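Structure record follows, encoded as structure tokens.
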Amino acid sequence: MDNQTYLVQQFTELSGALTDFNAFALNGTGLVQCYYDTLTRLVGHAIVEELLSTFVSLYESASNHEQFNEALRKHILGDEKFGPVARNIIKLWYTGTWYQMAHFWRDAYGMSEEDMTFFVNSASYAEGLLWQAIDANPSGAKGPGYGSWSAPPNIHFDNGWQFKPFTHTSK
């Protein structure tokens, strides 16, 4: 596996841990590569690699889901450098929108001329995880059909991300 493929795979796993959607659901949006490229372009390749490396270290050192979640909250979401980036990844997946990084982050870690709030592409709104999470169809896209509004939502969430303890295998 080449380095680019590995990084995208780790981005998918990090995204799953942050959004509670598994890789199957994330890949089903068709936006994994697009979101990875957007993130890398706006915050920089070095920061993305450092974030993913931190995620992998946390994942490999955790022995259970609770321990992993605590480490994720402390070392990524609670970190001055990684926290704003991780929260932007969450918002990106749920809404399809990249939100401009906070001014304190931009001052401390660099500013891309492209870093502004925008929809990533024409599919990102309709594929936002928000719609799956609330069992609704995006307004103006993916019409549910005549009369579907008359039945209450039937939220059945079976595509959640699962922590699986890391095991080293030797060949």
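Between the labelled values (1) 52; (2) 63; (3) 43, the entry that holds percent of Cα pairs over 21 Å apart as derived from this structure is (1).
Please compute the net charge surrounding Leu31, taking Lys and Arg as +1 and Asp and Glu as -1 over other residues with Cβ under 13 Å from its Cβ. List each step's numbers first, then the result.
Values: positive: none; negative: Asp37, Glu127.
Counting the neighbours of Leu31, the net charge comes to -2.
Counting only helical runs of four or more DSSP H residues, what would the 222 nm mean residue ellipticity of the chain come to if each run contributes -39,500 (n - 2.57) and the total is spread over all its residues?
Details: 8 runs with 86 residues, N = 171.
Helices in the chain give a 222 nm mean residue ellipticity of -15000 deg cm²/dmol.
Per-residue Karplus couplings for segment 51-68, computed as 6.51 cos²θ - 1.76 cosθ + 1.60 with θ equal to phi - 60°, are listed in order as 4, 5, 5, 4, 4, 4, 4, 4, 4, 5, 8, 7, 9, 8, 4, 5, 5, 5 Hz, Gly and Pro entered as x. Per-residue 3J(HN,Hα) values for segment 83-99, derived from phi via the Karplus relation 6.51 cos²θ - 1.76 cosθ + 1.60 with θ = phi - 60°, read x, x, 5, 4, 5, 5, 4, 4, 5, 4, 5, 6, 10, x, 10, 8, 9 Hz in sequence order (x marks Gly and Pro).
Ignoring the sites themselves, what is the longest stretch of the chain with no GluC sites (Glu not before Pro) in a DSSP loop and at most 11 other beta-carbon atoms within 10 Å?
Numbers: sites that count: Glu80, Glu113, Glu114.
Maximal segment without exposed cleavage sites: 1-79.
Using only the alpha-carbon atoms, how far is helix 32-43 inclined from the longest principal axis of the chain? Give it as 0 to 90 degrees, nearest 10. The answer is roughly 50 degrees.
Sticking with the crude label model, points 7 Å out along Cα→Cβ, report the distance from Arg87 to Met116 in nm, one decimal please. Modelled inter-label distance: 2.3 nm.
Lysine pair count for the chain with Cα-Cα distance under 27 Å and sequence separation of 8 or more or different chains is 6.
Want the number for His75 to Phe104: 0.36 nm per residue separation, take away the alpha-carbon distance, what's left?
Numbers: separation 29, 0.36 × 29 = 10.44 nm, distance 1.87 nm.
Computed gain between His75 and Phe104 is 8.6 nm.
As a fraction of the 1.4 Å probe accessible area of segment 3-134, surface on carbon and sulfur atoms comes out at 54 percent.
The values are calculated or read from the model by the stated rules, or taken from the named source; none is laboratory data. Because the structure is predicted, anything quoted here is derived from the model rather than measured. Neighbour counts are summed over all protein chains in view; Cβ atoms, including those assigned to glycine, are modelled from backbone coordinates with ideal geometry. All accessible areas refer to the heavy atoms of the entire protein, side chains included, with ligands and DNA or RNA removed. Shrake-Rupley method; radii C 1.70, N 1.55, O 1.52, S 1.80 Å.
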